[in-house]
Amino acid sequence: MPLTCDVLIIGGGIAGLSLASVLSAEAKVVLAVAEPALAYHTSARSARQLIPSYGPPAVRELTDRTLELLHGIQDRTGLHFLTPRGFLLVGSGDAVQLRASEGMEFLTPAHARRLSPELRPGTFEAAGLDRRSFGSDADAMIEYHRSAAAANGAQVLTGSPVRSAAPAGSGWRVEAGQERIEARTVVNAAGAWADAVAAVFGAAPQGLVPYRRTAAIVDAARPLGAGQPMVAAADDTFYYRPEGSQVLVSPAEKVASAAVDARPRPGDVEAVVGLINRMTTMDIRSVARSWTGLRTEPADGHPVVGFDGAVDGFFWLAGQGGYGFQTSCGVAELAAGLLVGRGTGSCTGATVAAVSPLRARS
Ligand SMILES: Cc1cc2nc3c(=O)[nH]c(=O)nc-3n(C[C@H](O)[C@H](O)[C@H](O)COP(=O)(O)OP(=O)(O)OC[C@H]3O[C@@H](n4cnc5c(N)ncnc54)[C@H](O)[C@@H]3O)c2cc1C
């Protein structure tokens, strides 16, 4: 006998799980994930920073809403997801002006060095600070959404890759690993594989491109204080932040990739360690571990959230790029509202239009 549900969500990263946790309060939800574990791909590989000033206006609106919702969940449950951690952008005057957006405060280099004394004098000429930024506990967010979905009766099928589907009645019959599922609506939250999953349902691709990004945990002779901000180069050549007694670093690369289980390339981490050692006095001496994930986005850099329009019962929840955690609850709220026909909630019309899958076709 096939499993039946209102909504089948394909993908068990932060996108699929955050939707499952809200939608399962109003609909019968099954979530299928290809891997044997939840959050195996990009959602296990992020830098865990939520930056309200980062991204285009639609992303910033969804980030503000996500922070509001996460604070609400913390207050209600006593769980802890968010730790205040500023975000400091450094570089040439032009580069900082170009990258800085609303909500960022401009600082002199001397002021920036009071917050981040490890920065060597003379290595940057301008700085911008986002004081509203937070470090996030990504594992706690994933676990909260998983358990909220389970408490609402959502069924999670791990090790269940979706490879074929056919229209059935007013919905879909889907094969996911050993399972057969009948669903009125299918949500495509398959991260780097979202365009490939769309093809299974006969939907046109959204031009989603996975881009590699690497990060590493390193040991430094003079590590950062716990309260120090995340520091990022305005020209996107590196970022770093405190990680307990160690430091998280990234070359902040954006290199197009196939949808694969990405791994660091030899030399990438060593090169960024060399650069950060020239920019700062931390004296990074060894690399404890490193990883690479895929940040997947369409050409305009906005997430893709909404009904496909051309293929009935097919809904997109993809293209979150480097914003998947910081927009997660806001995007899930918008998606759930559209899926149950309740409307777009607190989202402005401009944001709904900016993330609509139909924008690529207009
Ligand atoms: C180095 C790095 C740093 C980052 N830092 C931040 C940050 O600080 N803040 C932030 O907000 N974001 C950050 N991001 C981005 C963020 O991690 C992503 O936007 C987010 O994890 C994407 O989540 P997702 O659920 O869409 O994709 P994923 O986590 O990749 O999940 C995709 C899911 O789809 C499943 N799937 C694929 N194909 C199928 C199929 N056919 N059948 C069934 N299941 C399928 C996979 O198994 C997986 O469960 C960072 C990313 C990287 C790589």
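At a glance:
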read-out	value
Residues satisfying the stated conditions in the range 211-228, i.e. open to solvent by less than 10 Å² (accessible area, probe 1.4 Å) and not polar (S, T, N, Q)	A215, A216, I217, V218
Any hit, the range 237-258, residues being within 27 Å of H71 (Cβ to Cβ), more than 11 Å from the ligand (Cβ to nearest atom) and open to solvent by 30 Å² or more (accessible area, probe 1.4 Å)	yes
Counted residues, the range 63-92 - those being under 18 Å from the mean Cα position of the chain (by Cα) and either at pLDDT below 95 or assigned to a strand (DSSP E or B) (or both)	3
Output for the range 1-35, where each listed residue is of a type in the set (A, V, I, L, M, F, W, C), within 6 Å of the ligand (Cβ to nearest atom) and surrounded by 24 or more Cβ atoms within 10 Å (Cβ to Cβ)	I10, I14, A15, A32, V33
Only one of A95, A127 that is crowded, with 21+ Cβ neighbours inside 10 Å, touching a residue at least 24 places away in the same chain (Cβ under 8 Å) and outside any loop (DSSP other than H, G, I, E, B)	A127
Odd one out for E179, checked against (1) open to solvent by 50 Å² or more (accessible area, probe 1.4 Å); (2) within 21 Å of the chain's Cα centre (by Cα); (3) in contact (Cβ under 8 Å) with a residue 60 or more places away in the chain	(2)
The range 55-84: number of residues that are surrounded by 18 or more Cβ atoms within 10 Å (Cβ to Cβ) and within 21 Å of D235 (Cα to Cα)	3
The range 304-321 - residue that is of a type in the set (G, A, S) and open to solvent by less than 10 Å² (accessible area, probe 1.4 Å) and, of those, nearest to the ligand (Cβ to nearest atom)	A318
Residue satisfying condition, being more than 9 Å from the ligand (Cβ to nearest atom) and touching a residue at least 40 places away in the same chain (Cβ under 8 Å), within set A39, A100	A100
A271 of a type in the set (G, A, S), out of contact with any Ser or Thr (no Cβ under 6 Å at 6 or more places or on another chain) and open to solvent by less than 20 Å² (accessible area, probe 1.4 Å)	no
Leading residue by the ranking (surrounded by the most Cβ atoms within 10 Å (Cβ to Cβ)) among those in the range 184-197 that are within 13 Å of the ligand (Cβ to nearest atom) and more than 15 Å from P303 (Cβ to Cβ)	V186
So T344, is it in a strand (DSSP E or B) and more than 30 Å from E118 (Cβ to Cβ)	no
Residue list for the range 151-173, restricted to those being among the aliphatic types (A, V, I, L, M) and under 16 Å from L8 (Cβ atoms)	A154, V156, L157, V162, A165, A166, A168
When residues of the range 158-170 are limited to those that are assigned to a strand (DSSP E or B) and within 29 Å of the chain's Cα centre (by Cα), the one surrounded by the fewest Cβ atoms within 10 Å (Cβ to Cβ)	S164
Residue count for the range 51-82, restricted to those that are under 30 Å from L98 (Cβ atoms), of a type outside the set (F, W, Y) and touching a Gly at 6+ places or on another chain (Cβ under 9 Å)	15
Residues of the range 274-288 satisfying the condition of being closer than 19 Å to K254 by Cβ and surrounded by 18 or more Cβ atoms within 10 Å (Cβ to Cβ)	I276
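Conditions tested, residue by residue: (1) on the phi < 0 side of the Ramachandran plot; (2) at pLDDT 95 or above.
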position	(1), (2)
V162	yes, yes
S170	yes, no
G177	no, yes
E182	yes, yes
V186	yes, yes
W193	yes, yes
V200	yes, yes
A203	yes, yes
Y211	yes, yes
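The values are calculated or read from the model by the stated rules, or taken from the named source; none is laboratory data. Note that the coordinates shown come from a computational prediction; the quantities given were computed from them, not determined experimentally. Cβ atoms come from the backbone with ideal geometry, glycine included; neighbour counts cover every protein chain shown. In case anyone asks, the SASA skips ligands and DNA or RNA and just uses the protein heavy atoms, side chains included. Shrake-Rupley method; radii C 1.70, N 1.55, O 1.52, S 1.80 Å.
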